[in-house]
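Worksheet for the structure shown next.
FYI, it's all coordinate maths here, none of it is from the lab. Nothing here was measured: the structure is a model prediction, and the numbers come from that model. Methodologically, a virtual Cβ is constructed for each residue, glycine included, from the backbone with ideal geometry; neighbour enumeration extends over all protein chains shown.
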Amino acid sequence: MITLIANLKGGSGKSTVVFNLGLWLQMKGQPVVAYDLDPQQTLIDVAEVRREEGYAPPLQVYPPRDTLQEDLKYHPKNVQVLVDVGAANLDAMKVAIKSSDQIIIPVPPSQPDVWATQRFLDIVDDATNGNAPKLRAFVNRADTHRQVRESDDTEEVIKQLPGINLIPNRLFQRTVFRRSLSEGMAVFEMSKRSKATEEFNLFAEYIFPELGQ
């Protein structure tokens, strides 16, 4: 299965989600490869840190090539293919959209991120001639304070967007995500009993219910 994690606006947490999801899938016994199509190559960098630190299993991450469409389709059906891409590489984004089985859209709780999501949906519709794959969005880097309403408001907007399903499991703005990424570890490797680990497990199990406990 090819899963694209994408949005137009930078800073939505795509690379963090892909890295943690890739390691979560491997923990569940799934073969995984990832593609980092962003010029910043954050995913490639963190995978290299993980390899240098000797953590197992490593995450295999490929950079973009002119043969991207063929590369994505090359892998056997049992391999989970994760793709990280943003607006900085719009051509690769369109290729990945057309090749994907599902698209996961992280949406931070802000109006600019909602606007970017709406424009991204237009790109998906254009790239697939209206035959988009399964589209899902979730609130990423959600507010941890219950009295802050932006995350709730963002979810309500997502629910109203055409052709898209809301993932009800938010990922919250927690320091452990940044700290674990800088050390080449998944959040659940660094802190097995943290709130972030619990939240990520619920999020991943919603996307891949067949791999849940």
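Hey, can you tell me all the residues within region 120-159 that are in contact (Cβ under 8 Å) with a residue 24 or more places away in the chain, over 19 Å from Y206 (Cβ atoms) and of a type in the set (S, T, N, Q)?
T128, T144
Report whether or not V114 is more than 26 Å from D152 (Cβ to Cβ), under 17 Å from the mean Cα position of the chain (by Cα) and of a type outside the set (K, R).
Values: more than 26 Å from D152 (Cβ to Cβ): no; under 17 Å from the mean Cα position of the chain (by Cα): yes; of a type outside the set (K, R): yes.
Answer is no for this residue.
State which residue is nearest to R65 (Cα to Cα) when the search covers only region 120-134 and only residues that are assigned to a loop (DSSP other than H, G, I, E, B) and among the small types (G, A, S). So that I can check it myself, show each step before the final result.
Going through region 120-134, the residues assigned to a loop (DSSP other than H, G, I, E, B) turn out to be 128-133.
From what is left, the residues that are among the small types (G, A, S) are 130, 132.
Working: G130: 26, A132: 23 Å.
Once the filter is applied, the top-ranked residue is A132.
Out of everything in region 6-23 that is among the β-branched types (V, I, T) and touching a Leu at 6+ places or on another chain (Cβ under 7 Å), what residue ends up being nearest to Q173 (Cα to Cα)? Quick ask: steps written out before the conclusion?
Filtering region 6-23 down to residues among the β-branched types (V, I, T) leaves 16-18.
Cutting the leftovers down to touching a Leu at 6+ places or on another chain (Cβ under 7 Å) gives us 16, 18.
Numbers: T16: 12, V18: 16 Å.
Out of the qualifying residues, it is T16.
Here's a check for you: in region 186-213, which residue that is β-branched (V, I, T) and closer than 19 Å to R50 by Cβ is farthest from the chain's Cα centre (by Cα)?
It comes out as T197.
Go through region 6-35 and give me each residue that's under 8 Å from the mean Cα position of the chain (by Cα) and farther than 17 Å from L202 by Cα.
If the condition is that a residue be under 8 Å from the mean Cα position of the chain (by Cα) and farther than 17 Å from L202 by Cα, then A6, G13, K14, S15 are the ones that fit.
Looking at D91, D84, D66, D113, which is the one that is within 23 Å of D45 (Cα to Cα) and in contact with a Lys or Arg (Cβ under 6 Å, 6 or more places away or on another chain)? Spell out the reasoning first.
Details: D91 fails: in contact with a Lys or Arg (Cβ under 6 Å, 6 or more places away or on another chain); D66 fails: in contact with a Lys or Arg (Cβ under 6 Å, 6 or more places away or on another chain); D113 fails: within 23 Å of D45 (Cα to Cα).
Just a single option satisfies the conditions, and that option is D84.
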